[in-house]
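What follows is a single structure, written as structure tokens, with notes after it.
The numbers here are math on the coordinates, done by the rules we state, and not lab data. Treat the numbers as computed from the prediction; the structure is a model and nothing was measured. Neighbour counts run over all protein chains shown; Cβ positions are idealised from the backbone, glycine included.
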Amino acid sequence: MFNPHAGHRQEREIGIAAICAVTITMLCGCSTPSRPTEMLLPVSLASLPAVDPRNLPAVPVSKSSTNASESGGAVVQTSFNMDKQEEANQTIPSDKTSGIGLSEFIGTTLERNPRLAQVNWAVEAARGLAVQAGLYPNPNISILGDELGDRTGPGGIWTTPMVGQEIVTANKLGISKAAALKAVDQATLTVISERYRIFTDVRQNYFEVVVLQQRAEVLKGLIELAEKSVDNANKLLKAKEVSDLDVVQLEVDLERYRADFDATIKAIPAAYRRLAASVGVNDMPYANVLGDLEIPLPDYNLESLRGYIISIHPDIRSAQIGVERAQLVLKRAEVEPIPNITLSAGYTRQNQNRSSDWDIGAGLPVPLWNRNQGNIGAAKAMVSEATYEVVRIENELVNRLATSFATYASARKRAEKYKSAILPRADKTYQLSLKGYHGGQFEYLRVLEAQRAVAEARLEYLRSLGELWRAASEIAGLMLEDKWPLSPNAPIQEGKQP
């Protein structure tokens, strides 16, 4: 399990103090070309300085480009130019103490996401169709005039009104309505399924933004360290302790960090727009995204997850209801050949003999040629198709779970390994190399190699955390998690976290 808080503030304060001390030393001219050890700073897990866009080259900000965050705290927005030959079109928040968290994004999703509104209206549409499916046929009223202009009675014979009513037999309306109500149940389950599918999209896009922000912070710190290393190497080059090739290699590292930083900064606006679009508000103003990538997550068991998800997932239940609906459709097709009876009654006035008569009638179709055999065959095939749909959905969910679980388990193990072993050992290697160089045992480049290893390990650790949270978001969606991720001290309900 991760411990995101222990020693975090203390390490950062130590790192900042060390940077300040080095800066004062440089200004005072106390460094020596032969052993510039005071300029070589260890890279620890939490001591890298944060990226502050206010320290970056900025372009003028128009009044329309400065907005307040919709969900808490005004967030200063600054457009800045990372390429002097190209006008930047990104808007990056500079306030790192306020912003929007995952819960706020989820809350806005529930209120404003159009996909959720669509599936909710689909339920209402299905309910309307269910009501219609059970309604009885309307009666038919007709007026008939016959033998008009006859010499014996010019007024003719009038039958009015003639009332007819179709009598539906074999409970056809009840079966049709029952099948339509199954469609209502499926539409309701679609709302649940779509809800957590959207939650997954929002969570994955949210953690992508958080990872990019933290990657930018790490790269900013690495750039500062690499710049100091290049300065030191140039001093050693003048003292003829290193070669031009050594300096060029350090400059390559510096430019690579700068390129990675520029690419990361330019990727943040697009990632934020993806997040806003998944929330359902594509024009959401830019704001700082708050998040902690080191919150502990459960040690999931794949088989327990598989059984739990299959037992509760709405897609599977919807497919099972689809089988029941197909069976009702088949039953409705089988009773269709049973004829409905049409009864009629009316009043007739005969003007020839000036008499009043009553008419009654009954009619029904004879199922001689059309016994609905084609629709019955199609309905039987639909039952088989719906039955296999249940198995297909189960396999699809298990496939999604297995893919996400594999990524989650490997990324979690890798992140834990980096946090508990690789990063501390890399930092220790750097400290020993620095001590050995100070004592004249090692060359300066060996210290720089150790420093580079720490930097690469920090970036790889961050990449592993990003993969972990993306996979964990998928698993949480499959488990229908609402309040996720849980805080480190929150109790885990039995059976809820396999």
Mean Cβ-within-10 Å packing, highest first, puts peptides 318-329, 353-364 in the order 318-329, 353-364
How do Trp158, Trp469, Trp121, Trp369 rank when sorted from fewest to most other Cβ atoms within 10 Å of their own Cβ? Trp369, Trp121, Trp158, Trp469
Only Lys, Arg, Asp and Glu count, each charged at its Cβ (+1, +1, -1, -1), so figure out the dipole size of the stretch 170-310 about its Cα centre, rounded to 20 debye. 1000
Can you work out ³J(HN,Hα) from phi for every residue in the stretch 184-199, in order, using Karplus 6.51 cos²θ - 1.76 cosθ + 1.60 and θ = phi - 60°, giving whole Hz and x for Gly and Pro? 5, 4, 5, 5, 5, 5, 5, 4, 5, 4, 5, 4, 7, 5, 5, 4
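Please compare each pair in Lys238/Lys428; Lys182/Lys380; Lys220/Lys483; Lys228/Lys419; Lys235/Lys266 to a cut-off of 23 Å on the Cα-Cα distance and tell me which ones are over it. Mind dumping the intermediate values first?
Working: Lys238/Lys428 30 Å; Lys182/Lys380 17 Å; Lys220/Lys483 33 Å; Lys228/Lys419 26 Å; Lys235/Lys266 34 Å.
Pairs exceeding 23 Å: Lys238/Lys428; Lys220/Lys483; Lys228/Lys419; Lys235/Lys266.
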Spelling it out for Asp150: with amide H atoms placed in the peptide plane at 1.01 Å from N, the residues 5 or more places away or on another chain with amide H under 5 Å from its amide H are Gly156
Per the Cauchy relation, a quarter of the hull surface: what is the mean projected area of the convex hull of the alpha carbons in the stretch 307-414, in nm²? 12.2
By what distance, in whole Å, do the Cα atoms of the stretch 259-350 stretch along each of the three principal axes, largest value first? 98, 46, 22
Rh (Kirkwood, all Cα-Cα pairs) for the stretch 336-383, Å, reads 14.3
Residue by residue through the stretch 223-234, which ³J(HN,Hα) values in whole Hz follow from phi under the Karplus form 6.51 cos²θ - 1.76 cosθ + 1.60 (θ = phi - 60°), with glycine and proline marked x? 4, 4, 5, 5, 4, 5, 5, 5, 4, 5, 5, 5
Neighbouring Cβ atoms within 10 Å as the yardstick, rank Thr348, Thr108 fewest first. Thr348, Thr108
Please work out, to two decimal places, the log10 of the ratio I(q)/I(0) at q = 0.13 Å⁻¹ from a Debye calculation in which every Cα of the stretch 129-188 carries one identical scatterer. -0.56
Counting only residues 5 or more apart in sequence or on a different chain, those whose built amide H sits under 5 Å from that of Asp359 are Gly346, Tyr347, Thr348
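Ranked by Cβ crowding within 10 angstrom, fewest neighbours first, how are Arg414, Arg458 ordered? Can you show the working numbers first?
On the way: Arg414 18, Arg458 24.
Ordered by Cβ neighbours within 10 Å, fewest first: Arg414, Arg458.
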Label model pair Asp357, Trp121: point-to-point distance (7 angstrom along the Cα→beta-carbon line) in nm is 5.7
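Assigning unit charges at the beta carbon (Lys, Arg +1; Asp, Glu -1) and nothing else, what dipole magnitude in debye, to the nearest 20, does the stretch 205-274 show about its Cα centre?
Numbers: 11 positive and 13 negative charges, 60 e Å.
Using Cβ point charges on Lys, Arg, Asp and Glu, the stretch 205-274 gives about 280 debye.
Please state the charge dipole magnitude for the stretch 288-413, taken about the Cα centre, from unit charges on C-beta atoms (+1 on K and R, -1 on D and E), reported in debye and rounded to the nearest 20.
Details: 13 positive and 14 negative charges, 89 e Å.
Result for the stretch 288-413 is approximately 420 debye, rounded to the nearest 20.
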Taking the C-alpha atoms of the stretch 117-242, how large are the radius of gyration and the largest Cα-Cα span, Dmax, in Å? 39.8, 137
For the stretch 153-168, just list the computed ³J(HN,Hα) in residue order, Karplus coefficients 6.51, -1.76 and 1.60, θ = phi - 60°, integers in Hz, with x standing in for Gly and Pro. x, x, x, x, 10, 10, 10, 7, x, 10, 9, x, 9, 7, 9, 7
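Once you keep just the Cα pairs under 8 angstrom separated by 6 or more residues, what percentage relative contact order results for the stretch 209-315?
Relative CO of the stretch 209-315 lands at 33 percent.
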May I ask you to order 211-217, 123-129, 476-482 by the average number of other C-beta atoms within 10 Å around their residues, highest value first? 211-217, 476-482, 123-129
